[in-house]
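Student: Sending over a structure as structure tokens; questions will come in a sec.
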Amino acid sequence: MNPAQELGRLLADWAGIEMARGGIDHSALAHVERRVRELGLPSASDYLRLLSGPKASEFQALVDAITVTYTWFFRDAPQLQAIIALLGELPAHGRPLQVWVAGCATGEDVYSLALLATELARPIEILGTDLNGRALAVAESGAYGAFAVRELPTRFSRYFVRVGKHWRIDPALRKNVRFERGNLVEAPPVAAGGGWDLILCRNVLIYFVREQAHAAFEALAGSLRRGGYLLVGSSEIVFNVPSDLEPVYIADRLAFRHGAAGARPPTAPARTNGRHSLVPSAPTARWEGPLPALPTSASEVTHPSRSDLPTPALAAAPSSPDLPDLQRAHGLLDDGALAEALELYLAAVAREPSDAEARTYAGITLYLQSNIEQAIVQLRAAILLDSNSWVATFYLALCYETNGLTELALREYRRVVALSERATRAAPSPDTLRPWHADLLALAKIRARG
């Protein structure tokens, strides 16, 4: 096993992280090379010997360098409406609600929930956990820059004090909030009273090895109080749901409820048309199928290999007039800087509206930000410009399914399968599809069966 493979195994075993997803491999290998130089070690293999276990300081530094900590206050407003409903109607059991934000990054989700609970006059105790120590230090400080508070509703501004270039959370708001290091491949934290009333775990499991994602989802479910709820990110694909969880709709968003006799969800579950959805905000009767891998790098999203794809329908359309800007955007996307990447993609679209590549990237980035309606706009435009783009078609199908438009999603999934088969016939070599493409196509084929 070479050093890169060994590093991937350690990350998977000790943190659940799939090194091939989201550009993590590039970040991890770059970190290893830098530490080898800094420590004066003979080779990467010598560095790996320092990673003696998940608690080792070198492993913690590695995790801090590669994990994604991109978040902001009040992200995913539609899901927050579901959370507001839950905060208002979950039974109190004679104590504050026990809430766990798993993968809290720099803490904005935790404080957003605290703000909402304060507005509702609902006693609450919130635990935020993350594997990234640097992110937790920011969360503990409670100080944030302008980017993090850009979507903060003005009515909550009184809970922030401006200190230089930062906005600091009111200490009174922080008294019922705590943060600690948490690893989702280890035993979950225990709530006061024995179980969590609400668990929020958004856009974390998409970076996990499948087996570890299965196990983590089971552990999250098992740590809920009976009648408690688990919410995941809108862009996450869910595996088979544990038998003690049931999918229900709250304020038109999906949540997983731990079954309890006599307990009722705050709002009635949405009616389904019998299709088996894989996306957490679409009607569902059953949850199954593969977890699509994130691309290894942004440059693989639209054009994984130029010879692998059919000639674009608008081959004569001008290429991007500013390739360096697109390359910068790809790098930002690889690093998880979605807002900054999106700004560059949209600038490229504004300069050249017929740039299918920029529109596809913009659509995918918007999807990852849970801005589904705007993602649909960009992806539909990309497909009009390049009708053979099966990747843009796949993400459009995901967007439709996320919004519960299952018939439209079914149509697009079938187009994905047809386009991919056409591409395979045109270039039938064993390297036609990279591993993550095979994941996407496997999912599309499952969905295309309806």
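Rule-based calculations on the coordinates, nothing more; no lab input. Everything quoted here is computed from the prediction, not taken from an experiment. Reconstructed Cβ throughout: ideal geometry from the backbone, glycine too, with neighbour counts over all protein chains shown.
Student: Modelling each spin label as a point 7 Å along the Cα-to-Cβ direction, I'd like the Arg178/Glu33 distance in nm, to one decimal.
Tutor: With each label placed 7 Å out from Cα toward Cβ, I get 4.3 nm.
Student: Let me ask you something else. If you build the Cα gyration tensor of segment 77-258 and take the root of 5 times each eigenvalue, what three semi-axes come out, in whole angstrom, biggest first?
Tutor: Gyration-tensor ellipsoid for segment 77-258: 26, 19, 15 Å.
Student: What FRET efficiency comes out for the pair Ala61/Leu120, r = Cβ-Cβ distance, R0 = 35 Å, nearest 0.05?
Tutor: Calculated transfer efficiency: 0.30.
Student: Hey, what's the per residue convex hull volume over the C-alpha atoms of segment 87-184, in cubic angstrom?
Tutor: 104 Å³
Student: Exposure proxy check: His258, His166 ranked by fewest other beta carbons within 10 Å?
Tutor: Fewest to most other Cβ atoms nearby, the residues stand as His166, His258.
Student: A follow-up question, please. So how many Å³ per residue does the convex hull of the Cα atoms of segment 3-66 work out to?
Tutor: Spelled out: Cα convex hull of segment 3-66, divided by residues, is 69 Å³.
Student: Relative to the Cα centre, what is the charge dipole magnitude of segment 3-66, using +1 at the beta carbon of each Lys and Arg, -1 at the beta carbon of each Asp and Glu, and rounding to the nearest 20 debye?
Tutor: 60 debye
Student: Taking 0.36 nm per residue of separation and subtracting the Cα-Cα distance, what length does fully extending Ala418 through His93 add?
Tutor: Going from the current span to full extension adds 111.6 nm.
Student: Enumerate by residue number the chymotrypsin sites (Phe, Trp or Tyr not before Pro) in segment 91-159 meeting two conditions: DSSP loop (anything except H, G, I, E, B), and at most 16 other Cβ atoms within 10 Å of the site's Cβ.
Tutor: Working: sites: Trp100, Tyr111, Tyr144, Phe147, Phe156, Tyr159; in loops: Phe147.
Those that pass, being in a loop and sparsely packed, are Phe147.
Student: Another question about this same structure. Find, to one decimal place in angstroms, the Kirkwood hydrodynamic radius of segment 1-150, where the mean of 1/r is taken over every pair of different Cα atoms and then inverted. Each step should come with its number before you reach the end.
Tutor: Numbers: mean 1/r = 0.0569 Å⁻¹.
Taking the inverse mean of 1/r over all distinct Cα pairs, segment 1-150 comes out at 17.6 Å.
Student: Sticking with the crude label model, points 7 Å out along Cα→Cβ, report the distance from Asp13 to Arg351 in nm, one decimal please.
Tutor: Between Asp13 and Arg351, the simple spin-label model gives 4.7 nm.
Student: Further question on the same structure: Taking the Cα-to-Cβ direction at Val163 and at Arg328 and moving 7 Å from each Cα, how far apart do the two end points lie in nm?
Tutor: According to this spin-label approximation, the distance is 3.2 nm.
Student: Could you give the length gained by full extension between Ala4 and Ala215, i.e. 0.36 nm per residue of separation minus their alpha carbon distance, to one decimal place?
Tutor: Values: separation 211, 0.36 × 211 = 75.96 nm, distance 2.45 nm.
Gain in length upon complete extension: 73.5 nm.
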